[in-house]
Ligand code: SF4
């Protein structure tokens, strides 16, 4: 069973990408970077924010997530970096380097495929 943690941008999650629904719909449909699980059993166990600019909370928040969920005997087997971080964060390179260094599981850049091509079209 794969257990997925999505890692996103505090400034974007829920406020701009309202409800984080594109990541969740993408996960439920196994679309975009979640397509890799199409033949697997997989659960989404968290959508974790970076903690705010410039991403100093990245490692502490990952550690806190691990501690919190250890009580539930849950831990991620994969971390997906959401496009709000990988494509839009000015600190993305540093943040992704930190996640890859500390997660201890595979880290995948990308989540849902629902990026709009245009706004008014
Ligand atoms: S550090 Fe990057 S991912 Fe985090 S809140 Fe700021 S812009 Fe968003």
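The values are calculated or read from the model by the stated rules, or taken from the named source; none is laboratory data. Given the structure is predicted, the values throughout are model-derived calculations rather than measurements. Neighbour counts are summed over all protein chains in view; Cβ atoms, including those assigned to glycine, are modelled from backbone coordinates with ideal geometry.
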Next item on the list: Hey, could you check the range 60-85 for residues that are closer than 18 Å to residue 96 by Cβ and part of a loop (DSSP other than H, G, I, E, B) and say which is nearest to the ligand (Cβ to nearest atom)?
Entry: 82
Notebook entry, point to check: Among the residues of the range 90-101, is any under 13 Å from the mean Cα position of the chain (by Cα) and assigned to a loop (DSSP other than H, G, I, E, B)?
Noted result: no
Next item on the list: State which residue is surrounded by the most Cβ atoms within 10 Å (Cβ to Cβ) when the search covers only the range 102-121 and only residues that are in contact with a helix residue (DSSP H, G or I) (Cβ under 8 Å, 6 or more places away or on another chain) and part of a loop (DSSP other than H, G, I, E, B).
Entry: 111
Item checked: Residue, surrounded by the fewest Cβ atoms within 10 Å (Cβ to Cβ), within the range 1-26, restricted to residues that are part of a loop (DSSP other than H, G, I, E, B) and more than 10 Å from the chain's Cα centre (by Cα) -> 1
Notebook entry, point to check: Only one of (1) touching a helix residue (DSSP H, G or I) at 6+ places or on another chain (Cβ under 9 Å); (2) at pLDDT 95 or above; (3) within 16 Å of the ligand (Cβ to nearest atom); (4) on the phi > 0 side of the Ramachandran plot fails for residue 14. Which number is that?
Noted result: (2)
Next item on the list: Test each condition in (1) more than 15 Å from the chain's Cα centre (by Cα); (2) at pLDDT 95 or above for residue 49 and report the one that comes out false.
Entry: (1)
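Does the range 27-44 include one or more residues that are over 18 Å from residue 4 (Cβ atoms) and surrounded by fewer than 16 Cβ atoms within 10 Å (Cβ to Cβ)? Spell out the reasoning first.
Taking the range 27-44 first, the residues over 18 Å from residue 4 (Cβ atoms) are none.
There is no residue in the range 27-44 that is over 18 Å from residue 4 (Cβ atoms) and surrounded by fewer than 16 Cβ atoms within 10 Å (Cβ to Cβ).
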